[in-house]
Amino acid sequence: MQYKGTRLEVDLDALAHNYHYLRSKISDSTKFMSVVKANAYGHGIVPIAQKLQDLGTDYFATAYTEEGEELRDNGIIKPILILHPQQHNLEVCIDRCLEPVIYSLEMLEAFTAFAKAKQQQSYPIHLEFNTGLNRIGIDADDVYKVLEKMKSSPEIKVRGLQSHLAASEDTNEQAFTKRQIDLFEKVAVVVELELGYEMIRHESNTSGILNYKDAHFNMVRSGIGLYGYGNDAQYDVNLKPIATLFSNISQIRTIEAGETVSYNRKFVAKERTTYAVVALGHGDGINRIYGYGKLKVRINGKEAPTLGIICMDMFMVDITDIEAKVGDEVIIFDPKLHTSRQMAEEAGTISYELLTGIQKRVKRFYKNASS
């Protein structure tokens with residue numbers, strides 16, 4: 001029997017389409033890194049990574065070592081980059097053959113000491129240099145301090161050099177982005193010249209892949225693009241959002257003018273109103289910002305706006321002009337008529353936040369899993 005409750009349905013064929021489209025934008029010699037951090041942007045890290053490994057991705061990236069460990073425990077054998085490793089988890093990196101990004105001089109000292117204690121030789125690391133995002137990363141001015149350490153540390157070896165573009169999707173920031181690319185290339189030339197070998201260079205995210213061919217180097221990283229969004233309308237038409245979020249009606253009620261709905265009585269009916277209770281709430285990732293009509297779900301082909309405050313396990317929608325019954329399906333977002341990007345932007349946020357916020361109690365189902 002088909003599951004009818006609250007669920008996220010993920011289309012793995014759409015994932016494959018996005019992967020192949022993004023791969024078509026790079027040269028055959030350029031590696032492709034699939035970013036599956038934050039539970040694969042909310043879509044389910046293990047099934048997504050397994051599909052991408054089958055498709056031929058060259059690398060994976062997660063934010064933290066726990067995510068990389070989960071991938072290793074579920075049959076992922078491709079290289080896994082840890083973008084933001086923490087010092088207390090360094091042992092997991094080595095035990096599970098995960099490649100840490102070294103993003104500070106302190107982390108370089110810590111990982112070198114740990115690798116030495118574990119009797120490692122040439123353990124692969126990636127060095128991140130800050131070129132303008134000003135988040136994490138080693139300052140370009142400190143490159144010679146890094147080189148001095150690397151030359152005296154046989155325990156580790158630089159496999160990759162990386163940076164992160166700050167505004168690759170913003171056409172108004174092209175000059176800034178090009179300065180980032182130039183700075184990264186200058187640092188990479190110094191590091192490779194001093195250490196005497198070529199490394200994997202990677203700086204481009206999804207928007208970098210699509211907008212800055214000269215920043216592809218020999219590997220690119222894609223996160224949001226794999227899940228169907230290109231940060232620009234001209235690219236979105238070539239990508240397919242891969243998920244649909246469903247729920248159902250658990251109760252239908254009618255109130256008279258002057259009565260209120262939900263906490264703090266923030267919705268006051270101006271006339272007789274029929275509303276449905278939807279079995280989904282901020283405990284599932286539908287945050288309170290979607291209340292007060294900022295979200296319109298679809299029930300039997302018609303839009304139903306939210307009423308009042310979103311509760312932890314449910315929210316209410318106006319169905320006064322919709323024929324509906326208990327158990328009817330509710331579509332919160334889907335790939336065609338109302339995407340997660342549209343839903344997020346209508347409430348003043350971004351699809352990244354909405355997708356990654358969908359909690360694990362929302363069941364995931366995978367379509368076309370065997371294709």
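The values are calculated or read from the model by the stated rules, or taken from the named source; none is laboratory data. It should be emphasised that the depicted structure is a prediction, and the values quoted were computed from it without experimental measurement. So basically every Cβ, Gly included, is an ideal-geometry build from the backbone, and we count neighbours across all protein chains shown. Heavy atoms of the whole protein, side chains included, go into the accessibility calculation; ligands, DNA and RNA do not. Shrake-Rupley method; radii C 1.70, N 1.55, O 1.52, S 1.80 Å.
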Among (1) part of a helix (DSSP H, G or I); (2) open to solvent by 40 Å² or more (accessible area, probe 1.4 Å); (3) in contact with a Ser or Thr (Cβ under 7 Å, 6 or more places away or on another chain), where does N231 come up short?
(1)
Quick one: Y103 ticks every box in (1) under 25 Å from the mean Cα position of the chain (by Cα); (2) without any contact (Cβ under 8 Å) to a residue 40 or more places away in the chain; (3) surrounded by fewer than 17 Cβ atoms within 10 Å (Cβ to Cβ) except a single one, so which number is it?
(3)
Can you name the residue in segment 48-59 that is part of a helix (DSSP H, G or I) and either at positive phi or out of contact with any strand residue (DSSP E or B) (no Cβ under 7 Å at 6 or more places or on another chain) (or both) and is also least open to solvent (accessible area, probe 1.4 Å) among such residues?
I48
Listed by first then second residue, the pairs whose first member lies in segment 109-136 and is surrounded by fewer than 17 Cβ atoms within 10 Å (Cβ to Cβ), whose partner is modelled with pLDDT of 95 or more and β-branched (V, I, T), with beta carbons under 8 Å and at least 6 positions apart or on separate chains, are K118/I94; S122/I156
Residue check for K4: farther than 27 Å from R201 by Cβ, out of contact with any Phe, Trp or Tyr (no Cβ under 6 Å at 6 or more places or on another chain), open to solvent by 10 Å² or more (accessible area, probe 1.4 Å) and touching a residue at least 40 places away in the same chain (Cβ under 8 Å):
yes
Within segment 187-210, can you find the residues that are loosely packed, with under 14 Cβ neighbours inside 10 Å and either touching a helix residue (DSSP H, G or I) at 6+ places or on another chain (Cβ under 8 Å) or modelled with pLDDT under 95 (or both)?
E198
Checking G258 against (1) open to solvent by 10 Å² or more (accessible area, probe 1.4 Å); (2) on the phi > 0 side of the Ramachandran plot; (3) in contact (Cβ under 8 Å) with a residue 12 or more places away in the chain; (4) in a loop (DSSP other than H, G, I, E, B), which test does it fail?
(3)
Looking only at segment 211-220, which residues are open to solvent by less than 10 Å² (accessible area, probe 1.4 Å) and out of contact with any helix residue (DSSP H, G or I) (no Cβ under 8 Å at 6 or more places or on another chain)?
M219
For segment 60-83, indicate whether the set of residues that are more than 21 Å from Y227 (Cβ to Cβ), open to solvent by 60 Å² or more (accessible area, probe 1.4 Å) and outside any helix (DSSP H, G or I) is non-empty.
yes
Residues (out of contact with any strand residue (DSSP E or B) (no Cβ under 9 Å at 6 or more places or on another chain) and closer than 20 Å to L127 by Cβ) located in segment 152-175
S152, S153, P154, L165, A166
Quick one: is I319 β-branched (V, I, T) and either within 17 Å of A243 (Cα to Cα) or touching a Gly at 6+ places or on another chain (Cβ under 8 Å) (or both)?
no
Could you check segment 151-169 and list, in sequence order, the residues that are open to solvent by 60 Å² or more (accessible area, probe 1.4 Å) and free of Cβ contacts under 8 Å to residues at least 60 places away in the same chain?
K151, S152, P154, K157
Test for H338: is it in contact with a helix residue (DSSP H, G or I) (Cβ under 6 Å, 6 or more places away or on another chain) and either assigned to a loop (DSSP other than H, G, I, E, B) or at pLDDT below 95 (or both):
no
